[in-house]
Amino acid sequence: MDYDMLVIGSGPSGRRAAVQSAKLGKSVLVVDRGRRLGGVSVHTGTIPSKTLRETVLNLSGWRERGFYGRGYRVKQDISVGDLIERLHKTLDHEVEVLQHQFMRNSVKNARASVKFIGPNKVSLTSDNGDYSEVGFANALIAVGTRPHRPRDVPFDKIRVFDSDEMLELDRLPRTLTVIGAGVIGVEYATIFSALDVPVTLVEPRNSILDFVDREIVDDFIHQMRDRGMTIRLGSAVKEIRSKPEAAEVELADGRTIRSEVVLYAAGRTGNVGSLGLDVVGIEADSRGRIKVDPQTFQTSAPNIYAAGDVIGFPSLASTSMEQGRVAACHAFGVALPPPPETFPYGIYAVPEISTVGLSEEQVRESGAAYEVGVARFRETSRGHIMGVNTGFLKLLFSIETRRLLGAHIVGEGATELIHIGQAVINLGGTVDFFVNNTFNYPTLAEAYKIAGLDAWNRMGR
Ligand SMILES: Cc1cc2nc3c(=O)[nH]c(=O)nc-3n(C[C@H](O)[C@H](O)[C@H](O)COP(=O)(O)OP(=O)(O)OC[C@H]3O[C@@H](n4cnc5c(N)ncnc54)[C@H](O)[C@@H]3O)c2cc1C
């Protein structure tokens, strides 16, 4: 065998599996067909969209508007150039860190397209046609996904873009329609809205972000509408037209939305087409997703693992990394404790949403008696100092065991603050943790104390 572990794809799951395998003393090759290492996460997904968000919030003065008013701006005319500059610096740095990490751990890497040609063999074909074959003992399929592009949508990168192409805009659109109110859709819609671009968000279903607590989503929708975004729920798209003067989105109810640019962000498809999965007896579903054992990440071929977006929900960089690590440990016989009960979900919209554990709807469905504690950020001194007048934290406790069942946040810092809730849930903590512990003051984290007391006052001792 040439390698103990062959990793196909250098995104979060591939990267983590490669480094973990190397730390266990194994020989590792990572092959990616992209121009640079890092995958969707570094080049078109997580890092670029989060860098864009940070730049937009900084240059627009968004975080200060609660204090100085909605008209407050740090920079008056924000150009695409302003946004791209920070993006390139961040991406270069991410790639450098990754290359260095591979080098330090003696992980080899190659640029080529990979295809299975036997149970322990792949072919590598580079862009210039170079061909080679590599033998492996174990392999990880970490090929990720690409935007779903229906044939009848006229993607042209002039009027109609997919989410990978949004970063190639040559100027800020005067108006934007976003189709698909999933995580990617709401993130981009709210980021552009924070730049004062009038945005229409179109979603065929009547609700959005169904895995998030309804009260949080209702508040989020209220905040989006309050700042002038148009949200069309329950609106199926009949046709999208790219015209010289504008893009047109015709809805099934007969209305037509005109805007300078359309972002089509309705789902993603696994990159499995050219992998030769049939050679190793692995099947993918109609969206290119591979089924794995949820504990070990083995596919139907026991020495071939799959992790990251190609195995479907939750399709996060955070969970992908952990899946890669677990797969590598299993491949080399390292026993791991059972995975924690819950993981956090972060939605980097403006405002942020983050959630861990059970939503109120799920608790209610379980039939367990529960109590809710709520804290509004504007009730905290830190909130006053920052001029934060929106956002809240909601905690759900079991009345019987007093344990924290779920934590849900919409507002500034949500994706950082959520880890307190995560730790308490996964360590089996109760409402008494929040009541009896001292929190730094003034902080937004103090909201946990306030929400804990809110529930405790109704629960009694
Ligand atoms: C706009 C956007 C925003 C996001 N924001 C967040 C966020 O805030 N937080 C979060 O946790 N997640 C976020 N995600 C999700 C996150 O990016 C993905 O979950 C993560 O990148 C998946 O990692 P992966 O390991 O599946 O590999 P990917 O990052 O998908 O990379 C796969 C790699 O495989 C390579 N490849 C594919 N086929 C082959 C082949 N045949 N041969 C060789 N190489 C191949 C590709 O070139 C690519 O480099 C976001 C995604 C998008 C699109």
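Is one or more of the residues making up region 87-96 more than 24 Å from the chain's Cα centre (by Cα) and surrounded by fewer than 16 Cβ atoms within 10 Å (Cβ to Cβ)? Before the answer, list the steps.
As a first pass, look at region 87-96 and keep what is more than 24 Å from the chain's Cα centre (by Cα): none.
No, there is no match, as no residue in region 87-96 is more than 24 Å from the chain's Cα centre (by Cα) and surrounded by fewer than 16 Cβ atoms within 10 Å (Cβ to Cβ).
Might you let me know whether region 257-266 holds any residue that is within 16 Å of the ligand (Cβ to nearest atom) and assigned to a loop (DSSP other than H, G, I, E, B)?
Looking through region 257-266, at least one residue is within 16 Å of the ligand (Cβ to nearest atom) and assigned to a loop (DSSP other than H, G, I, E, B).
Answer yes or no: is there a residue in region 302-312 that is closer than 25 Å to Trp456 by Cβ and among the charged types (D, E, K, R).
No: region 302-312 contains no residue that is closer than 25 Å to Trp456 by Cβ and among the charged types (D, E, K, R).
Please verify whether region 66-74 includes one or more residues that are surrounded by fewer than 22 Cβ atoms within 10 Å (Cβ to Cβ) and either within 11 Å of the ligand (Cβ to nearest atom) or assigned by TED's automatic domain parsing to the domain that holds Ile184 (or both).
To start, the set of residues in region 66-74 that are surrounded by fewer than 22 Cβ atoms within 10 Å (Cβ to Cβ) comprises 66-74.
From what's left, either within 11 Å of the ligand (Cβ to nearest atom) or assigned by TED's automatic domain parsing to the domain that holds Ile184 (or both): none.
No, region 66-74 has no match at all.
Let me spell it out: the conditions are (1) touching a Ser or Thr at 6+ places or on another chain (Cβ under 9 Å); (2) surrounded by fewer than 22 Cβ atoms within 10 Å (Cβ to Cβ), and Ile290 meets all of them except one. Which number is the exception?
Going through the list (1) touching a Ser or Thr at 6+ places or on another chain (Cβ under 9 Å); (2) surrounded by fewer than 22 Cβ atoms within 10 Å (Cβ to Cβ), Ile290 breaks only (2).
Can you pull out the residues in region 136-152 that are within 24 Å of the chain's Cα centre (by Cα) and either charged (D, E, K, R) or surrounded by 18 or more Cβ atoms within 10 Å (Cβ to Cβ) (or both)?
Filtering region 136-152 down to residues within 24 Å of the chain's Cα centre (by Cα) leaves 140-150.
Within region 136-152, Leu140, Ile141, Ala142, Val143, Gly144, Thr145, Arg146, Pro147, Arg149 qualify.
Among what's in region 332-371 and is within 16 Å of the ligand (Cβ to nearest atom) and assigned to a strand (DSSP E or B), pick the residue that is nearest to Ala181 (Cα to Cα). Working first, answer last.
Residues of region 332-371 that are within 16 Å of the ligand (Cβ to nearest atom), as a first pass: 342-356.
Filter once more, so that each one left must be assigned to a strand (DSSP E or B): 345-347, 353-356.
Working: Tyr345: 16, Gly346: 15, Ile347: 12, Ile353: 14, Ser354: 16, Thr355: 17, Val356: 20 Å.
So, considering only residues that are within 16 Å of the ligand (Cβ to nearest atom) and assigned to a strand (DSSP E or B), the one nearest to Ala181 (Cα to Cα) is Ile347.
Please go through region 177-196 and give me each residue that is part of a strand (DSSP E or B) and either within 15 Å of the ligand (Cβ to nearest atom) or farther than 13 Å from Val261 by Cα (or both), ordered by number.
Here is the first cut: in region 177-196, the ones part of a strand (DSSP E or B) are 177-179.
Residues satisfying the conditions are Val178, Ile179.
Among the numbered conditions (1) away from the ligand (no atom under 16 Å from the Cβ); (2) in contact with a helix residue (DSSP H, G or I) (Cβ under 6 Å, 6 or more places away or on another chain); (3) outside any loop (DSSP other than H, G, I, E, B); (4) not charged (D, E, K, R), tell me where Cys329 comes up short.
(2)
For Ser123, work out the one condition from (1) touching a strand residue (DSSP E or B) at 6+ places or on another chain (Cβ under 7 Å); (2) on the phi > 0 side of the Ramachandran plot it doesn't fulfil.
Unmet for Ser123, out of (1) touching a strand residue (DSSP E or B) at 6+ places or on another chain (Cβ under 7 Å); (2) on the phi > 0 side of the Ramachandran plot: (2).
The values are calculated or read from the model by the stated rules, or taken from the named source; none is laboratory data. Bear in mind the structure is a predicted one, so any value in this text is a computation, not a measurement. For neighbour counting, all protein chains shown are included, and Cβ atoms are generated from backbone atoms with ideal geometry for every residue, glycine included.
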